[in-house]
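Data block below; observations after.
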Amino acid sequence: MIPTILENLVVGTVSISKARCAMQMFSFLFFGVAECFLLAAMSLDRYFAVCHPLHYTIIMSSRVCRGLVAGCYICGAAVGLIHTLLTFSSPLCGSAIDHFFCEIQPMLDLLCGNTSPRELQVILVAVFAILSPFLLIIYSYIHIISTILHMASAESRQKAFSTCSSHLLVVTLFYGTAGSTYLRPKSTYCAAVDKFLSLSYSVLTPLLNPIIYSLRNKEVKRALKKTWRKINLAWK
């Protein structure tokens, strides 16, 4: 998706073949759905780390972690493949996409005839891929927060909160924008708003993820503090 956008910006073209459009939609759904389930798996990891620390290494073994990761990508591949095949096997009554990549809703607008079955399909996929993992995340963090609040020492509470803070921030950014796009009525859709939300969860959030998670690294913190001191000295 991003290489095609960059190519269009550099070359100045705004066209895309049907095959590349289908591949773009599949890639978008594959990585987007996998991200939803990976965030849910990470919330489970934090739940066992905070609520069941003595059993953590037994429960979250390397075999279990590999299974969770594989399951996330299998779900992403299944959703991407099914949705892409159903969309591009239907006749299209237009060729101009009002978006900067082959997103789901703009493609539905190009379909001929009654699009209600496809819209219902999008809602079901959104419930499965967005709402279900999000409810699991909420459930995990209710127990995590309850456990943290019952900890005796302030140092333990601070350490537990810092373990979850980066994940919570990523969840808020990703689910806030993705949920606003897919879990609302079609009558409230606005092309400009949808483009901004799509840009947020497809480009900005993945770009910020490494920065957010690396802020917990002590070496990164020291490097940032050192850089900040140099900037302050340069301005004085």
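Find the centroid of the Cα atoms in the stretch 41-78 and in the stretch 106-175, then give the distance between the two in whole Å.
Comparing the Cα centres of the stretch 41-78 and the stretch 106-175, I get a distance of 16 Å.
Skipping prolines and chain starts, which residues have an amide H placed within reach, meaning under 5 Å, of the one on Leu111, given they are 5 or more residues away or on another chain?
Cys93
May I ask you to order 49-59, 76-86 by the average number of other C-beta atoms within 10 Å around their residues, highest value first?
76-86, 49-59
Could you give me D for the stretch 44-193, from Stokes-Einstein at 10 °C and 1.306 mPa s, where the hydrodynamic radius is the Kirkwood radius over C-alpha pairs? Units µm² s⁻¹, please.
86 µm²/s
What Rg and what Dmax come out for the stretch 136-178 when only alpha-carbon atoms are used, in angstroms?
11.7, 37
So for each of 65-75, 28-38, 120-130, 102-112 I average, over its residues, the number of other beta carbons within 10 Å; can you give me the resulting order with the highest mean first?
28-38, 102-112, 120-130, 65-75
Quick check on packing: order 132-140, 173-181 by the mean number of other C-beta atoms within 10 Å, highest mean leading.
Going from most to least packed, we get 173-181, 132-140.
Go through Lys18/Lys195; Lys159/Lys230; Lys195/Lys230 and tell me which ones have a Cα-Cα distance over 32 Å in this structure.
The answer is Lys195/Lys230.
Each value in this text was obtained by applying a stated rule to the coordinates, not by laboratory testing. All values reported here derive from a predicted model rather than from experimental measurement. Note: ideal-geometry Cβ built from the backbone for every residue, glycine included; neighbour counts use all protein chains shown.
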